[in-house]
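Read the structure below first, then the notes.
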Amino acid sequence: MSYTMFTKRHTAYKLRIKDILSNDFVSRDGESDYVLVNDQQVSRVRVMATIVNRFINDERKSGSLIIDDGSEVISLRGWEDQFHMIDKTAIGQLIDVVARVREYNDQVYLVPEIIKKASPNCFVLRKLEYDNHKGPVKTAKPETNKPEEEDDGLKDSVFKKIKDGGSKGVKMDELIKVCGDKNTCKTVLKTLLEEDMIFEPRAGRYKKLE
C-alpha cells in the first residue's frame with residue numbers, strides 16, 4: 001500500500017554527532033533548516049548516545065540533555081511540547097533520538113521528536129551501520145509479522161484519525177476505538193512513532209509529524 005500522503009516529511013538520517021557538528025548548517029526562511037552531509041540535505045537526524053548531563057528549569061516547562069556518542073557531544077533541547085520526554089530520562093541512559101537540527105548563536109543543537117531507551121547491543125549495531133556507510137544512513141521502516149494489507153489498513157485509519165485531530169492531537173482513548181483494543185492500539189502507535197509519522201507532544205496524546 002502506498003504512503004504518498006507522507007512525501008513532504010523529511011527522512012531521519014542516522015548520523016554520528018561529529019558529522020552533524022562538523023558540516024555546514026544552512027538556515028532557510030520558510031523552509032526546513034539542514035546540515036549538508038556529503039551533498040545530502042539533512043533536516044532530521046537519528047542519533048544514539050549516552051546522556052552525560054541533564055538540566056531542568058525551575059518551572060519544569062523546559063530542559064536540555066547533553067548527549068555523547070563517542071564521537072562528539074551535542075545539546076538536546078526541549079520546551080513545553082518536548083519536556084515530558086526529557087523529564088523521563090536520567091544521566092547515564094543510552095537513548096535513541098529522532099530530532100530536528102537547529103542552530104542558535106552559532107551553536108547547533110537538536111530538538112527531539114522521539115526519545116527511546118536503547119541497549120548496548122543496539123549501539124554496537126548502529127556503529128556497524130556507520131562503519132559500513134560513508135554518508136548518512138536512512139532510517140529503515142521496522143518489520144512486522146502482520147499481513148501487510150491488514151497492517152497498512154489499520155495504520156492508515158489510525159494515522160487519519162490523528163491527522164484529523166489537527167494541532168490539538170488525539171487522545172489514546174479515541175484511538176483505541178479505531179483499533180478495537182488497547183494492545184493493538186499500542187502496537188500501531190509504536191509503529192507509527194518508529195516510522196516518524198507521528199509524535200507524542202504530551203503523554204497519551206498524539207499528533208501528526210509535520
**Q.** Number of the exception - Val137 against (1) at pLDDT below 80; (2) exposed (fewer than 13 other Cβ atoms within 10 Å of the Cβ)
**A.** (2)
**Q.** Failed condition for Val37, given (1) surrounded by 13 or more Cβ atoms within 10 Å (Cβ to Cβ); (2) out of contact with any Pro (no Cβ under 7 Å at 6 or more places or on another chain); (3) of a type in the set (A, V, I, L, M, F, W, C)
**A.** (2)
Q: Note down all Cβ pairs under 7 Å where the first residue falls in the stretch 50-79 and is assigned by TED's automatic domain parsing to the domain that holds Pro201 and touching a residue at least 40 places away in the same chain (Cβ under 8 Å), the second is surrounded by fewer than 18 Cβ atoms within 10 Å (Cβ to Cβ) and of a type in the set (A, V, I, L, M, F, W, C), and they're at least six residues apart or on different chains.
A: none
Q. Which of the residues spanning the stretch 162-182 are over 18 Å from Ala203 (Cβ atoms) and assigned to a helix (DSSP H, G or I)?
A. Lys163, Asp164, Gly166, Lys177, Val178, Cys179
Q. So how many residues does the stretch 46-74 have that are surrounded by 15 or more Cβ atoms within 10 Å (Cβ to Cβ) and either in contact with a Lys or Arg (Cβ under 8 Å, 6 or more places away or on another chain) or not in a strand (DSSP E or B) (or both)?
A. 11
Q) What number of residues within the stretch 34-45 satisfy the criterion of being under 8 Å from Arg100 (Cβ atoms) and either in contact with a Gly (Cβ under 8 Å, 6 or more places away or on another chain) or part of a loop (DSSP other than H, G, I, E, B) (or both)? A) 1
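A quick yes/no check of all residues on (1) within 24 Å of Arg16 (Cα to Cα); (2) out of contact with any Asp or Glu (no Cβ under 7 Å at 6 or more places or on another chain); (3) at pLDDT below 90; (4) among the charged types (D, E, K, R):
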{"site": "Pro112", "(1), (2), (3), (4)": "yes, yes, no, no"}
{"site": "Asp152", "(1), (2), (3), (4)": "no, yes, yes, yes"}
{"site": "Val158", "(1), (2), (3), (4)": "no, yes, yes, no"}
{"site": "Cys179", "(1), (2), (3), (4)": "no, yes, yes, no"}
{"site": "Asn183", "(1), (2), (3), (4)": "no, yes, yes, no"}
{"site": "Leu189", "(1), (2), (3), (4)": "no, yes, yes, no"}
**Q.** Complete set of residues in the stretch 75-100 that are surrounded by fewer than 16 Cβ atoms within 10 Å (Cβ to Cβ) and either aromatic (Phe, Trp, Tyr) or more than 21 Å from Leu209 (Cβ to Cβ) (or both)
**A.** Trp79, Ala90, Ile91, Gly92
Q. Which condition does Asp181 not pass, out of (1) more than 22 Å from Asp81 (Cβ to Cβ); (2) acidic (Asp, Glu); (3) surrounded by 14 or more Cβ atoms within 10 Å (Cβ to Cβ), if it passes all the others?
A. (3)
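The values are calculated or read from the model by the stated rules, or taken from the named source; none is laboratory data. Just so we're clear, the structure is a prediction, and the values are computed from it rather than from any experiment. Ideal geometry is used to build each Cβ from the backbone, glycine not excepted, and the neighbour counts take in all protein chains shown.
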